[in-house]
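Values in this text are rule-based calculations from the coordinates and carry no lab data. Here the structure is a predicted model, which means the values were calculated and not measured. Positions of Cβ are generated from backbone atoms using ideal geometry, with glycine treated the same way; all protein chains shown enter the neighbour counts.
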Amino acid sequence: MATFALSMKFRGVILLLFVPLLSFPQKGGRPIYPVLSKTSAIADGYVAVNNTAKLLEEIKKDSNKIFISESFELTSRANVTGNNLTIASDKKSVITSKLWFNKFRFFESFTITGKNVTFSGLRLKGDDCDVGMLDHDYYQTAIRCHADSFHIINCDIECFGWAAIYGERYNGMVVEQCYLKNNRNNGYGYGVWFEGLKNSIGLIKDCIFEDNRESIDAGGQLGGYSAQVDPPIPRQTDPSKLIF
């Protein structure tokens with residue numbers, strides 16, 4: 001796998017990582033990967049969830065398996081405190097989030113504080129679909145990770161003005177087979193933002209980024225990331241469109 005050196009400065013320290021050559025396509029699209037069906041999920045012991053109240057109840061339980069069975073609007077921050085927990089869906093349902101916060105610079109729909117949490121096959125849509133659409137000083141983030149070993153696989157996330165995924169104080173976060181689109185607003189907008197603990201590394205693998213202000217960035221603490229695709233594709237020039 002071909003690589004190139006990526007240099008990132010964190011509080012006066014230069015961190016060198018070696019990541020693969022990246023591709024910047026002119027057009028993107030949702031990758032097609034297998035998803036868990038509702039029938040299989042229920043047979044395997046998943047709990048069907050179709051509203052905010054039920055979701056907030058189930059994400060507190062260790063080793064719980066949750067299946068998003070219908071679309072709904074998330075009306076409160078979902079703090080995932082359960083360890084070894086899975087939230088899955090079949091991409092037929094969409095969880096939407098409005099700008100309902102009023103006291104934070106940015107506000108996440110999901111906060112991950114439990115360890116070994118997995119999101120799979122989810123579709124998340126925010127309220128910042130157009131740059132400058134809303135007159136506000138606050139910005140949305142879909143997922144903010146504060147815990148070790150968070151794995152997000154085959155999820156579609158769009159229209160979150162600050163970032164689709166924010167890795168803060170993470171270690172071992174993996175973003176795989178995801179489609180991250182149109183996460184942007186004036187001066188902000190990241191597909192994935194990494195700000196980890198010292199020596200922590202996040203991994204991005206086989207993802208598509210389209211029309212984000214910046215596809216991937218990092219800063220703050222002495223964390224970093226690596227990104228990979230196999231086989232490698234020659235690098236081009238548009239930072240808003242990537243395939244890993």
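Calculate, for S71 and K198, the FRET efficiency according to 1/(1 + (r/R0)^6) with r their C-beta to C-beta distance and R0 41 Å; round to the nearest 0.05.
Details: r = 40 Å, r/R0 = 0.98.
For S71 and K198, the calculated efficiency is 0.55.
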Under 5 Å, built H, 5+ apart or other chain: amide partners of D156:
L122, R123, L124, Y179
Taking 0.36 nm per intervening residue step and subtracting the Cα-Cα distance, what contour gain separates T39 from N186 on full extension?
48.7 nm
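If you count, for each residue, the other Cβ atoms within 10 Å and average over each peptide, how do 168-177, 42-51 line up from highest to lowest? Mind dumping the intermediate values first?
Working: 168-177: 20.9, 42-51: 14.2.
Going from most to least packed, we get 168-177, 42-51.
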Ranked from highest to lowest mean number of other Cβ atoms within 10 Å per residue, what is the order of the peptides 152-165, 111-124?
152-165, 111-124
Taking amide H positions as placed 1.01 Å from N in the peptide plane, with prolines and chain starts having none, which residues 5 or more places from I216, or on another chain, fall under 5 Å of its amide H?
G191, V192
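Taking other Cβ within 10 Å of each residue's Cβ, how do T86, T52 sort, fewest first? All intermediate terms of the calculation are to be shown ahead of the outcome.
Details: T86 19, T52 16.
By the 10 Å Cβ count, ascending: T52, T86.
Could you calculate the contour length gain from K92 to H151, that is, 0.36 nm times the residue separation minus the distance between their Cα atoms, to one decimal place in nm?
Numbers: separation 59, 0.36 × 59 = 21.24 nm, distance 2.06 nm.
19.2 nm is the gain from fully extending K92 to H151.
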Cut-off under 5 Å, modelled amide H: who pairs with S226 long-range:
G202, L203, I204
Restraint check, K65/K205; K38/K125; K65/K125; K61/K181, Cα-Cα greater than 29 Å
K61/K181
